[in-house]
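Novice: Next up is a structure, given as structure tokens.
The values are calculated or read from the model by the stated rules, or taken from the named source; none is laboratory data. Keep in mind it's a predicted model, so treat the numbers as computed, not measured. Please note: Cβ atoms are built from the backbone with ideal geometry, for glycine as well, and neighbour counts cover all protein chains shown.
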Amino acid sequence: MFKYFTAALFIMIVFSGVSSAQIKLRSAGAYAAFGSLQGNSSAVTSYGLSANLDAELWFTTEFFFRLSAVYGRDYRILIPEDRTGRNYPYQYAFTLKMMSWIPLTTRLLLEGGFGPAYIFDRTFPGKDEGGAGAALSAALMLDLFDRWSGEKGFSLGPGLEYGLAFTGSTPNYYNFYIGASYSF
């Protein structure tokens with residue numbers, strides 16, 4: 001009996017693993033941004049940073065998934081001043097968006113996506129709140145390589161990202177950004 005259980009467990013482990021034929025890393029990217037963040041307070045002008053990974057699934061090349069980590073903080077922390085007793089709100093979020101792109105020319109493309117997000121809000125000192133919600137984004141990207149011949153290379157462009165949590169302190173953010181990505 002133990003022998004059959006071990007064999008069944010081994011078969012399940014082998015066949016449930018993710019192979020490179022199922023998921024393919026498409027690109028990695030980052031952006032720097034300015035925008036706004038808001039929790040249980042009025043909106044605060046902020047700067048933002050983000051890093052992301054894009055992956056394609058085996059059944060389509062028209063859509064891909066983007067896993068992102070987004071960070072935004074009150075821009076006044078960058079200004080030299082006396083910080084005694086000051087509060088500089090910040091938020092960070094994790095998103096998983098389903099993305100698509102439309103070629104406008106051979107080098108210019110429009111990409112956009114929508115998906116779930118979890119946003120952590122630190123608007124007030126000592127009070128961290130998280131909330132589940134959604135994020136959407138759109139960008140105009142310029143390829144610095146020939147995508148159609150299968151080359152690998154960099155893409156640059158401006159974009160907009162918005163995230164909103166539906167629970168907790170209902171934190172939200174928006175970022176106008178300049179992004180760069182490298183396609184594998």
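Novice: Does segment 42-57 contain any residue that is closer than 17 Å to Tyr174 by Cβ, of a type in the set (Phe, Trp, Tyr), at pLDDT 90 or above and within 17 Å of the chain's Cα centre (by Cα)?
Specialist: Within segment 42-57, the first condition is being closer than 17 Å to Tyr174 by Cβ, and the residues that meet it are 42-50, 52.
Among the residues that remain, those that are also of a type in the set (Phe, Trp, Tyr) are: 47.
Narrowing further to those that are at pLDDT 90 or above: 47.
With the extra rule that they be within 17 Å of the chain's Cα centre (by Cα), the set shrinks to 47.
Yes - at least one qualifying residue is present in segment 42-57.
Novice: Same structure, new question: Out of everything in segment 128-172 that is closer than 22 Å to Glu111 by Cα and among the acidic types (Asp, Glu), what residue ends up being nearest to the chain's Cα centre (by Cα)?
Specialist: By that ranking, first place goes to Glu161.
Novice: Please go through (1) within 21 Å of the chain's Cα centre (by Cα); (2) part of a helix (DSSP H, G or I) for Ile77 and return the number of the only condition it doesn't satisfy.
Specialist: (1)
Novice: Here's a follow-up. Those residues that are closer than 17 Å to Gly112 by Cβ, among the acidic types (Asp, Glu) and either exposed (fewer than 15 other Cβ atoms within 10 Å of the Cβ) or in contact with a Lys or Arg (Cβ under 6 Å, 6 or more places away or on another chain) (or both), I need them from segment 130-180; list them, please.
Specialist: Residue satisfying the conditions is Asp143 alone.
Novice: A follow-up question, please. Which residues, counting only those in segment 113-129, are in contact (Cβ under 8 Å) with a residue 24 or more places away in the chain and either in contact with a helix residue (DSSP H, G or I) (Cβ under 8 Å, 6 or more places away or on another chain) or surrounded by fewer than 16 Cβ atoms within 10 Å (Cβ to Cβ) (or both)?
Specialist: Phe124, Pro125
Novice: Restrict the check to segment 24-35 and report whether at least one residue is of a type outside the set (Lys, Arg), part of a strand (DSSP E or B) and at pLDDT below 90.
Specialist: The first filter runs over segment 24-35 and keeps only residues of a type outside the set (Lys, Arg), leaving 25, 27-35.
Next, from what is left, pick out any that are part of a strand (DSSP E or B): 25, 27-35.
If we keep only those that are at pLDDT below 90 as well, we get 25.
Within segment 24-35 (the criterion being of a type outside the set (Lys, Arg), part of a strand (DSSP E or B) and at pLDDT below 90), the answer is yes, since at least one residue qualifies.
Novice: A further question follows. Looking at (1) surrounded by fewer than 18 Cβ atoms within 10 Å (Cβ to Cβ); (2) assigned to a strand (DSSP E or B); (3) hydrophobic (A, V, I, L, M, F, W, C), find the lone condition where Phe59 falls short.
Specialist: (2)
Residues checked against (1) more than 18 Å from Ser181 (Cα to Cα); (2) out of contact with any Leu (no Cβ under 9 Å at 6 or more places or on another chain); (3) of a type in the set (Ser, Thr, Tyr):
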| residue | (1), (2), (3) |
| --- | --- |
| Ser36 | yes, yes, yes |
| Gly39 | yes, yes, no |
| Leu57 | yes, yes, no |
| Arg86 | yes, yes, no |
| Glu111 | no, no, no |
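Novice: Quick check, is Arg86 part of a loop (DSSP other than H, G, I, E, B), out of contact with any Pro (no Cβ under 8 Å at 6 or more places or on another chain), more than 24 Å from Ser27 (Cα to Cα) and basic (Lys, Arg)? Give the steps one after another, and end with the answer.
Specialist: Working: part of a loop (DSSP other than H, G, I, E, B): yes; out of contact with any Pro (no Cβ under 8 Å at 6 or more places or on another chain): yes; more than 24 Å from Ser27 (Cα to Cα): yes; basic (Lys, Arg): yes.
It is true that Arg86 is part of a loop (DSSP other than H, G, I, E, B), out of contact with any Pro (no Cβ under 8 Å at 6 or more places or on another chain), more than 24 Å from Ser27 (Cα to Cα) and basic (Lys, Arg).
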